[in-house]
């Protein structure tokens, strides 16, 4: 719903966040922060693991049991989980203030739990894969956002971007789930480059978090500052 009220020839535009909530919008920056920490962590931690391949090995193998990078991998995973959870709270506040469903925020909260579990229970601990599979729930956050905000004219570009990233995430999911059929032709093609396939999945999801966080933060500021009556042309 596009929140505007016409009085005479003037239109009053209600901002995304009430002024009392303006401070809380800074939590939206934890989306891009989570993405930055993840990228630097995944790129830098393998330098501690001799012979590690970004192409042929999974991200979990960086911090597996016995790896010299296990402790820092867990620390990075927990830090990313914390940032993701903080972003989820901020997104929930923004959704409520804009009178939209908070489903995307709750899905993101699920992802925060999954990321923490993956970091705490290092591969090959049985719970590592349980938390890894549970990430499928959090990966649906772009879909939840696209559906919840689709009727808001102010967020049209955010909705379109969310649909695009939702499709990108699911393409990457399909590639990674090829491992469920080890004898299948899909897995035979994906397995030699599983590192790239997994990074594509995480990359698409965190890219969505970063862009949505920045766009919502900037637009919330613009809408707050532009809440004065504006004359229609």
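What follows draws every value from the coordinates through simple rules; no lab data is involved. Please read all numbers here as calculations on a predicted model, not as lab measurements. Cβ placement follows ideal geometry from the backbone for every residue including glycine, while neighbour counts extend to all protein chains displayed.
Annotations for the structure displayed:
- Segment 18-231: C-alpha gyration tensor shape, a/c 1.5 cut-off, then a/b vs b/c: prolate
- Taking 0.36 nm per residue of separation and subtracting the Cα-Cα distance, full extension of the segment from residue 96 to residue 177 would add 25.7 nm.
- Residue 136-residue 52 pseudo-label distance in nm [points 7 Å out on the Cα-to-Cβ vector]: 2.7
- Our estimate of slack between residue 120 and residue 188, defined as 0.36 nm per intervening residue step minus the Cα-Cα distance, is 21.4 nm.
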